[in-house]
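Participant: Before I ask anything, here is the structure I am working with.
What follows draws every value from the coordinates through simple rules; no lab data is involved. Remember, it's a predicted structure, so these values are computed and weren't measured experimentally. Cβ placement follows ideal geometry from the backbone for every residue including glycine, while neighbour counts extend to all protein chains displayed.
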Amino acid sequence: MSRTAIIGAGPCGLAQLHAFEQARLDGADVGEVVCFEKQSDWGGLWNYTWRTGLDAHGDPVHGSMYRYLWSNGPKECLEFADYPFDEHFGGPIPSFPPREVLFDYIVGRAKKSNVRQFIHFDTAVRDITFDDDSQAFEVTVESYDDRRLRTEAFDHVIVATGHFSTPNVPEYPGFEHFPGRILHSHDFRDAVEFAGKDLLILGSSYSAEDIALQSRKYGARSVTISYRTTPMGFGWPEGISEVPALQHLQGRTAHFADGTGRSVDAIILCTGYQHHFPFIDPELRLSTTNNLYPERLYKGVVWTANPKLMYLGMQDQYYTFNMFDAQAFLARDVVLGRVEVPDREVMDADIGDWRARYADVAGVMDQIDFQTDYVRDLMTMTDYPAFDIDLVRRHFVDWEHDKDASITGYRDRCFASPCTGTVGPAPHTTWWDELDDSLARFLHH
Ligand code: FAD
Ligand code: NA7
């Protein structure tokens with residue numbers, strides 16, 4: 001019997017288990033599918049943890065999500081094509097739910113497809129190698145229960161461990177003498193900690209934008225955002241401003257490239273993450289920056305040097321859950337032999353074509369079109385149910401315009417489902433005024 005290992009039970013790993021289960025229900029022989037998850041529950045980043053640093057077992061904490069995190073894109077852009085929001089919540093809900101609501105949705109489909117039985121929780125994958133003689137992978141895992149290592153053979157391995165967990169932590173002159181807290185966004189948990197403080201944030205992407213906004217929303221006295229390359233340029237609310245690159249610190253005072261300086265109490269490094277997979281043999285290990293089309297992955301999924309190895313969700317992400325689904329259906333069909341992987345040269349040429357197009361991508365609208373076409377391409381390869389992807393593309397474009405119009409108001413907008421057409425109602429309280437991020441408050445106010 002063929003054996004497939006899935007590493008991680010976050011949105012990607014759960015999408016993979018779901019994809020196999022759909023095939024099994026249709027009568028396919030999917031062999032044995034085993035998922036290893038180092039945390040004690042599923043949901044990946046959406047499974048909130050208060051912990052930072054090391055987990056209870058001495059491993060790095062996976063979670064990077066924080067309190068008061070509302071979806072930063074319309075939920076309609078990530079809807080599972082085969083499990084609409086209407087089905088899960090029994091009626092329309094607003095377009096920008098908080099984390100707990102999206103966690104509930106992700107887990108809802110996983111419960112419906114009854115995949116928990118395939119997951120070994122509290123089990124960390126420590127090593128993955130490929131044995132040329134047996135043409136199988138050797139996967140070494142450690143169970144936290146007894147701390148024993150065991151090695152099992154698998155015909156296919158699907159890596160779904162995410163890439164927003166290992167922080168990229170730069171150092172600037174003066175950090176070592178700064179008389180306040182310096183942390184990476186990976187370790188940020190509760191904005192209330194910074195109430196009344198003057199905060200410096202480094203970075204100009206999603207984490208910088210969101211952590212700046214919510215720090216101010218929950219009471220920071222001022223937030224200064226320092227960009228390295230390009231400012232975000234939103235119409236920031238009073239108390240938030242953008243300045244050029246940090247040069248150095250002198251005591252509490254941060255000095256910037258335009259010659260200005262600010263006294264700050266704490267520094268949050270929203271400087272992104274590393275694709276870091278120390279548990280994979282270097283020969284099999286994806287090494288890439290955070291971009292929309294990593295090298296060496298055919299269709300963004302199949303490891304060209306050994307197509308029995310696949311990676312999910314390794315791209316930078318506009319699309320999330322529905323893209324993960326489309327990838328998982330492809331990975332499943334490669335395992336089942338329903339999709340034939342072409343020769344290495346053909347795969348390399350295909351990757352070359354995508355990356356050549358990516359080199360010409362300029363700006364967010366091009367990026368949205370690029371990833372839309374990528375997902376569209378994936379969907380031609382499997383029977384993942386159709387959804388109105390042109391509508392999703394338009395939603396992303398509108399969302400970008402909404403953010404430019406009001407960075408504090410874009411989460412109050414309403415979008416139509418690409419699966420059911422249902423339009424999300426306006427939230428009962430505008431996002432800027434809403435402090436309670438609980439599911440109960442969001443759904444049952
Ligand atoms: P993850 O969610 O990271 O899950 C990976 C799983 O693999 C984890 O459960 C982990 O414990 C497990 N794992 C890792 N290593 C091992 C190992 N060695 N052995 C066993 N198990 C292992 N997306 C959106 O659509 N909307 C948002 O609003 C949004 N906000 C975000 C906010 C933050 C702060 C971050 C960091 C990301 C956000 N994202 C958002 C993007 C997010 O990447 C995806 O939504 C999604 O969580 C990715 O799923 P994944 O399964 O690839 O990875
Ligand atoms: P991103 O999107 O990878 O962005 C990383 C940011 O960090 C980006 O603005 C970089 O600036 C900046 N950066 C990187 N290194 C440095 C140094 N040394 N100094 C200053 N600035 C630096 O990561 P995010 O955490 O924002 O987002 C990741 C996910 O989390 C995303 O999916 C969200 O949904 C939540 P650059 O433009 O390269 O100059």
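Participant: If you check Asp383, Asp369, which single one turns out to be touching a residue at least 12 places away in the same chain (Cβ under 8 Å), part of a loop (DSSP other than H, G, I, E, B), charged (D, E, K, R) and farther than 24 Å from Pro94 by Cα?
Facilitator: Asp383
Participant: Would you mind telling me which numbered condition in (1) of a type in the set (Asp, Glu); (2) in contact (Cβ under 8 Å) with a residue 60 or more places away in the chain; (3) away from ligand 2 (no atom under 16 Å from the Cβ) Glu238 fails?
Facilitator: Only one criterion in (1) of a type in the set (Asp, Glu); (2) in contact (Cβ under 8 Å) with a residue 60 or more places away in the chain; (3) away from ligand 2 (no atom under 16 Å from the Cβ) is unmet by Glu238, namely (2).
Participant: When both residues are 6+ apart or on different chains and their Cβ atoms are under 7 Å apart, which pairs have a first residue that lies in segment 398-424 and is under 17 Å from Gly90 (Cβ atoms), and a second that is outside any helix (DSSP H, G or I) and hydroxyl-bearing (Ser, Thr, Tyr)?
Facilitator: These pairs meet every condition: Gly424/Ser95.
Participant: Could you run through segment 65-84 and say how many residues are away from ligand 1 (no atom under 11 Å from the Cβ) and either assigned to a loop (DSSP other than H, G, I, E, B) or aliphatic (A, V, I, L, M) (or both)?
Facilitator: Residues that pass the stated criteria total 5.
Participant: Does Arg344 count as without any contact (Cβ under 8 Å) to a residue 24 or more places away in the chain, surrounded by fewer than 16 Cβ atoms within 10 Å (Cβ to Cβ) and among the charged types (D, E, K, R)?
Facilitator: So Arg344 does not fit the description; no.
Participant: So which of Ala331, Ala305 ends up being in a helix (DSSP H, G or I) and small (Gly, Ala, Ser)?
Facilitator: None of the other options fit; the residue is Ala331.
Participant: Name the strands (runs of 3 or more DSSP E) wholly within segment 135-215 that hold at least 1 residues that are in contact with an Asp or Glu (Cβ under 7 Å, 6 or more places away or on another chain) and surrounded by fewer than 16 Cβ atoms within 10 Å (Cβ to Cβ)?
Facilitator: Where strands (runs of 3 or more DSSP E) fall fully within segment 135-215 and carry at least 1 residues being in contact with an Asp or Glu (Cβ under 7 Å, 6 or more places away or on another chain) and surrounded by fewer than 16 Cβ atoms within 10 Å (Cβ to Cβ), they are 136-143, 149-154.
Participant: Here's something else I'd like to know. Hey, can you tell me all the residues within segment 1-29 that are away from ligand 1 (no atom under 15 Å from the Cβ) and in contact with a Ser or Thr (Cβ under 8 Å, 6 or more places away or on another chain)?
Facilitator: Result: Phe20, Glu21, Gln22.
Participant: Which members of segment 308-328 meet the condition of being in a strand (DSSP E or B) and touching a Leu at 6+ places or on another chain (Cβ under 6 Å)?
Facilitator: Passing the criteria: Leu309, Tyr311.
Participant: Taking Thr166 as meeting all but one of (1) away from ligand 2 (no atom under 15 Å from the Cβ); (2) in contact (Cβ under 8 Å) with a residue 60 or more places away in the chain, write down the number of the exception.
Facilitator: (1)
Participant: May I pose another question? Here is a list: Ser207, Ser241. Which entry is hydroxyl-bearing (Ser, Thr, Tyr), closer than 26 Å to Ser71 by Cβ and within 16 Å of ligand 1 (Cβ to nearest atom)?
Facilitator: Every option except Ser207 fails the conditions.
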